[in-house]
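The values are calculated or read from the model by the stated rules, or taken from the named source; none is laboratory data. Predicted, not measured: the structure shown is a model, and the values here were computed from it. Note that each Cβ is placed from the backbone with ideal geometry, even for glycine, and that neighbours are counted across all protein chains shown. Areas reflect the complete protein model, heavy atoms only, side chains present, ligands, DNA and RNA absent. Shrake-Rupley method; radii C 1.70, N 1.55, O 1.52, S 1.80 Å.
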Amino acid sequence: MRKQIYTWELHGDDTDGRLASSQGHYPPVGTENSILSGAFGNVQPARQTALVGEDEFIVIEKIGCTPGISPYGFRVDGAGNLVKWNPNMFINIVIDTTNYYQDPQNVWSSGVSGYASPYPIQTFDNPYYELWPPVYVLPDQTVDVRYTLFNDIQLSAENNDWTNIPYSTILAAVYVEYTLFDGTDGLMARKLMNLGIPVNVGTVENYRRLLLKSKGLETETFEFYLEAMRSERERRKRERKNQGVATQQDYDGDL
Amino acid sequence: MSIRRQCYEWRNIGQSKNLLITPPLVSNNEFNDVILNSYPVSAINYKVGTASEKQFWCVVPIANNAVVDIFNGDIGNNLDIPGQLKAYQFIVLDGIAVYPETFNAQIIVNTTRYFQDPDGVPSRDGGISGATVPFPNGAPPSTATSLARGRLGGMLNIDFQEGLQPPVIIQPGDRWAVEVKNNSGKTWPFERGSFGLKTTTDIGVARCYIKYLLIDGADCIVAQRLIDAGWPLTVENLWRYKQDLIKSHIYAGMAELPDEIKNARRKV
């Protein structure tokens with residue numbers, strides 16, 4: 001079990017950013033591009049979408065991107081370098097061919113904005129959006145995170161407000177946080193999901209303890225699964241009590 | 001079958017009919033006030049204030065007391081059709097935020113408005129204000145004084161940080177909408193002429209954000225069961241109900257078989 005993060009960043013290209021001087025460095029506006037396999041920014045060298053292996057299980061817990069709406073939120077230093085840019089961006093999760101986000105008319109939407117889920121989070125930010133419940137990506141599924149920029153940096157550059165976009169300026173960024181369950185942990189995660197138990201570090205560890213205690217599956221299978229579910233519920237209840245977030249139901253008993 | 005955390009964001013930004021520096025020009029200074037099923041593409045205005053000016057960024061002014069539907073209000077990013085749930089969908093609307101602080105947001109389900117005044121009449125201000133639920137949380141106030149001083153940070157959502165509790169449950173077949181109302185006393189963004197409209201920073205952009213849990217497919221049936229039993233519609237309760245279903249199924253597999261089946265001769 002490993003907590004993973006992946007960040008994507010779009011840096012300046014040390015030109016003024018105009019169409020004539022910067023070809024193919026900046027993504028076209030209004031179109032979706034992948035942070036894993038797209039042609040822009042610091043994508044992985046192999047440029048592949050993430051295929052979850054047959055002994056893996058991924059739980060995506062957090063996504064975020066650069067906040068800001070107006071192109072007039074830019075800042076230029078005394079030397080004419082662009083040092084801040086509002087990309088007006090949205091991010092979306094795609095699993096196989098399905099978009100996670102849809103709008104109220106039930107069709108594809110651009111996803112979450114940087115204002116709803118900012119990255120990086122600054123002291124005055126208190127994000128509204130939380131990816132709860134988390135997103136499960138099962139073995140043999142592909143997962144992709146795609147961004148859409150709506151402020152055109154190259155068209156803006158034509159106005160000569162800056163003379164250079166240095167590499168040190170991050171124009172847009174995406175952040176993804178997930179837990180990777182690998183090997184036997186991945187198999188246990190899959191089993192927990194089949195039992196309707198939430199998949200997280202705590203539940204997988206608990207399931208592993210149970211497995212070790214029962215020395216495999218020598219006991220009656222049905223009873224074992226029942227014990228797994230009962231144990232998980234008890235563990236969760238104890239955890240909630242310890243955390244001080246237990247409700248009346250946790251104390252009164254509910255089984 | 002899924003339980004997904006969704007959100008929708010509205011802004012009063014128009015989209016230029018011309019997004020080219022070089023000819024052929026469609027036109028200068030012409031905007032579509034509404035853009036469907038997407039967000040407008042923008043850029044810094046080209047040589048603003050000169051003869052060769054071309055506009056790529058503009059916010060759409062909202063008149064005082066005007067009420068704008070964020071799905072179909074003909075301002076900013078809109079949808080083709082109103083929000084309506086399919087027969088296999090539930091929505092748990094638990095988050096709403098609006099900006100600036102002088103705007104209010106109201107949730108409408110079918111013909112009922114969520115926020116009301118103490119006399120039982122739907123909120124005359126138009127719902128919950130941006131001063132209570134600013135978007136984003138920590139957004140600077142939009143007053144002229146704040147603008148002049150360039151203050152950063154400011155308004156915090158404290159009371160509704162956990163969202164609407166209890167949340168608004170929107171049932172299959174229900175029609176729903178969210179409206180924002182300008183209560184600033186002036187056209188928004190005020191104290192700005194046409195120059196201000198086309199050079200404003202985020203502080204001049206009105207916006208509204210909603211967050212909801214979309215339950216669809218088989219999970220919708222589970223949600224209906226929870227409602228029938230009087231349980232709150234939360235992710236945890238949905239999971240728990242499904243666990244119980246699976247557990248019952250396992251129990252059923254362990255049940256004693258009737259004697260005639262148990263004692264019957266086995267056939268190969």
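Among the residues of segment B:215-243, which ones are charged (D, E, K, R), open to solvent by 50 Å² or more (accessible area, probe 1.4 Å) and within 12 Å of chain A (Cβ to nearest Cβ)? Passing the criteria: only B:E236. Screening A:V176 against (1) at pLDDT 95 or above; (2) of a type outside the set (F, W, Y); (3) more than 18 Å from the chain's Cα centre (by Cα) leaves a single unmet condition, (3). Here B:N65 fits the description: more than 10 Å from chain A (Cβ to nearest Cβ), in contact (Cβ under 8 Å) with a residue 24 or more places away in the chain and touching a Lys or Arg at 6+ places or on another chain (Cβ under 8 Å). Inside segment B:47-67, residues that are at pLDDT below 85 and outside any loop (DSSP other than H, G, I, E, B) make up a count of 1. When the criteria are applied in full, A:D125 fails the requirement of being within 14 Å of another protein chain (Cβ to nearest Cβ) and in contact (Cβ under 8 Å) with a residue 60 or more places away in the chain.
Among the residues of segment A:108-117, those identified as within 7 Å of chain B (Cβ to nearest Cβ) and of a type outside the set (S, T, N, Q) are A:V112, A:Y115, A:A116.
Only a single criterion out of (1) at the interface with chain B (Cβ under 10 Å from one of its Cβ atoms); (2) part of a helix (DSSP H, G or I); (3) open to solvent by 10 Å² or more (accessible area, probe 1.4 Å) is not satisfied by A:D161, namely (2). Against the test of being more than 14 Å from chain B (Cβ to nearest Cβ), assigned to a loop (DSSP other than H, G, I, E, B) and out of contact with any Lys or Arg (no Cβ under 7 Å at 6 or more places or on another chain), the options A:Y178, A:Y167 yield a single qualifying residue, A:Y167.
Might you let me know whether segment B:244-266 holds any residue that is at the interface with chain A (Cβ under 9 Å from one of its Cβ atoms), surrounded by 20 or more Cβ atoms within 10 Å (Cβ to Cβ) and either under 25 Å from A:Y225 (Cβ atoms) or among the basic types (K, R) (or both)? If you could, list the steps in order and put the result at the bottom.
Residues of segment B:244-266 that are at the interface with chain A (Cβ under 9 Å from one of its Cβ atoms), as a first pass: B:244-247, B:250-251, B:253-254.
This time we only want the ones that are surrounded by 20 or more Cβ atoms within 10 Å (Cβ to Cβ), so: none.
Checked segment B:244-266: no residue is at the interface with chain A (Cβ under 9 Å from one of its Cβ atoms), surrounded by 20 or more Cβ atoms within 10 Å (Cβ to Cβ) and either under 25 Å from A:Y225 (Cβ atoms) or among the basic types (K, R) (or both).
Could you say whether any residue in segment B:101-120 is at pLDDT below 95 and under 14 Å from B:K181 (Cα atoms)? Yes, some residue in segment B:101-120 is at pLDDT below 95 and under 14 Å from B:K181 (Cα atoms). For the structure I just gave you, tell me whether A:T203 is within 14 Å of chain B (Cβ to nearest Cβ), of a type in the set (S, T, Y) and assigned to a helix (DSSP H, G or I). So A:T203 passes the test. Each residue in segment A:36-77 was checked for being open to solvent by 40 Å² or more (accessible area, probe 1.4 Å), closer than 27 Å to A:E130 by Cβ and at pLDDT 95 or above, and 3 pass.
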